[in-house]
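Novice: Okay, here's the structure, questions in a sec.
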Amino acid sequence: MGIILGYWDIRGLAHAIRLLLEYTETPYEDKQYGVGGEARKSETRPDVIQTRFGPLAIDPEYDISQWTSVKEKLGLDFPNLPYLIDGERKITQSNAILRYLARKHKMCGETEEEIIRIDILENQVMDFRMAFAKVCYSPDFEKLKPEYLEELPGKLKLFSQFLGDRKWFAGNKITYVDFLAYDFLDSQQMFEPKCFNQYKNLQDFLDRFEALEKISAYMKSSRFMKSPVFWRVAKWSNKKE
Ligand SMILES: N[C@@H](CCC(=O)N[C@@H](CS)C(=O)NCC(=O)O)C(=O)O
């Protein structure tokens, strides 16, 4: 049985994983859970799901039963999305999934310096994307957006300095954190198209990543999902564009 990646039918935390699966030419089933628009039928289904930026209240008009009806039945230690099932191996936590795939392809860094850089960037990207998601899911989105945009150049400057003149974030060899960084930086460019004008090395990094043979082929395929980045309750990129 091949690998199954389970996630909502959005880009979200699955994007970097899907990109890595494609880059490594790993056969996989992209199991996507949709959200229905019909009224809820079950009284027992929870109204709130826990997300990485806290509990997310689900409007009663949304039907998330495609996921909740199987959530506890998959044999996952900590049932969540995304999950990856590879035979007997059942993994949740997006970064654990990325590391699992990356270990198979020696994409976790080799030297101590590379590994430190990977550890830093993995966690830094998660912090930044959580801050971004909080803004995009907030009912105060219109108020928070200008503040976020004001702080964005400062955040990107740190990425730009960290990358320096390296080809990839850890060094000369591509590693799984490049997939995380690509996903986050690309979403920032979608949010603010001019954001890399003063950070040429970040723009070059995005271009280099997209020019990778397998990535470029994936981006041209019908499997590729540029958007929605977020769930339909978000205030930005909540539908396919
Ligand atoms: N730390 C986890 C966060 C997972 C998470 O928050 N998943 C959200 C979507 S981004 C979800 O809807 N999970 C389904 C659930 O809580 O039932 C990870 O990195 O995988």
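The values are calculated or read from the model by the stated rules, or taken from the named source; none is laboratory data. Everything quoted here is computed from the prediction, not taken from an experiment. Methodologically, a virtual Cβ is constructed for each residue, glycine included, from the backbone with ideal geometry; neighbour enumeration extends over all protein chains shown. Calculation scope for accessible area: heavy atoms of the full protein, side chains included, ligands and nucleic acids excluded. Shrake-Rupley method; radii C 1.70, N 1.55, O 1.52, S 1.80 Å.
Novice: For the pair GLU241 and SER138, what calculated FRET efficiency results from E = 1/(1 + (r/R0)^6), where r is the Cβ-Cβ distance and R0 = 25 Å, to the nearest 0.05?
Specialist: On the way: r = 21 Å, r/R0 = 0.83.
The computed FRET efficiency comes out at 0.75.
Novice: Same structure, new question: Rounded to a whole number, what is D in µm²/s for the chain from Stokes-Einstein with the Kirkwood radius over alpha-carbon pairs (37 °C, 0.692 mPa s)?
Specialist: Translational diffusion coefficient: 174 µm²/s.
Novice: Go through LYS157, LYS220 and list them by solvent-accessible area, largest first, probe radius 1.4 Å. If you can, show how the numbers build up before the last one.
Specialist: On the way: LYS157 100, LYS220 165 Å².
Largest to smallest exposure gives the sequence LYS220, LYS157.
Novice: How large is the accessible surface of MET107 in square angstrom, using a 1.4 angstrom probe and rounding to the nearest 10?
Specialist: 10
Novice: Report the Cα centroid-to-centroid distance between region 94-155 and region 211-239 in angstrom, as an integer.
Specialist: If you average the Cα positions of each part, the centres end up 17 Å apart.
Novice: What fraction of the DSSP beta bridges in the chain is antiparallel, stated in percent and rounded to the nearest 5?
Specialist: Antiparallel: roughly 65 percent of the beta bridges in the chain.
Novice: Using the Kyte-Doolittle scale, which helices in the chain average at least -0.5 and also have C-alpha atoms spread 27 Å or more along the helix axis, with helices defined as whole DSSP H runs?
Specialist: Sorted by number, the helices that extend far enough and score high enough are 112-137, 141-163.
Novice: A further question follows. What does a probe at ASN123 reach in region 161-179, counting residues whose amide N is under 12 Å from the point 7 Å along Cα→Cβ?
Specialist: Counting only backbone N, you get no residues.
Novice: Nearest 20 debye, what's the magnitude of the dipole of the chain about its Cα centre given +1 on Lys and Arg Cβ and -1 on Asp and Glu Cβ?
Specialist: Magnitude of the dipole: close to 280 debye.
Novice: Report LYS239's accessible area, 1.4 Å probe, all protein chains in place, as a number in Å² to the nearest 10.
Specialist: LYS239 exposes around 130 Å² with every protein chain in place.
Novice: For a paramagnetic label modelled at 7 Å from the Cα of ALA131 toward its Cβ, which residues of region 178-194 fall within the zone defined by backbone nitrogen distances under 19 Å?
Specialist: Hits in region 178-194 for ALA131 at 19 Å: 180-194.
Novice: About its Cα centre, what dipole magnitude does region 112-212 give when the only charges are +1 on Lys and Arg Cβ and -1 on Asp and Glu Cβ, stated in debye to the nearest 20? Could you put the intermediate results ahead of the total?
Specialist: Working: 13 positive and 19 negative charges, 40 e Å.
Dipole size: approximately 200 debye.
Novice: Also: Given H placed 1.01 Å from N in the peptide plane, which residues other than close sequence neighbours of TRP8 have an amide H under 5 Å from its amide H?
Specialist: TYR33
Novice: Step through the table entries LYS104/LYS226; LYS106/LYS173; LYS104/LYS157; LYS143/LYS226; LYS155/LYS226; LYS145/LYS220, compare each Cα-Cα distance with 21 Å, and write down the pairs that go over it.
Specialist: Working: LYS104/LYS226 26 Å; LYS106/LYS173 10 Å; LYS104/LYS157 32 Å; LYS143/LYS226 26 Å; LYS155/LYS226 23 Å; LYS145/LYS220 31 Å.
Listed pairs above 21 Å: LYS104/LYS226; LYS104/LYS157; LYS143/LYS226; LYS155/LYS226; LYS145/LYS220.
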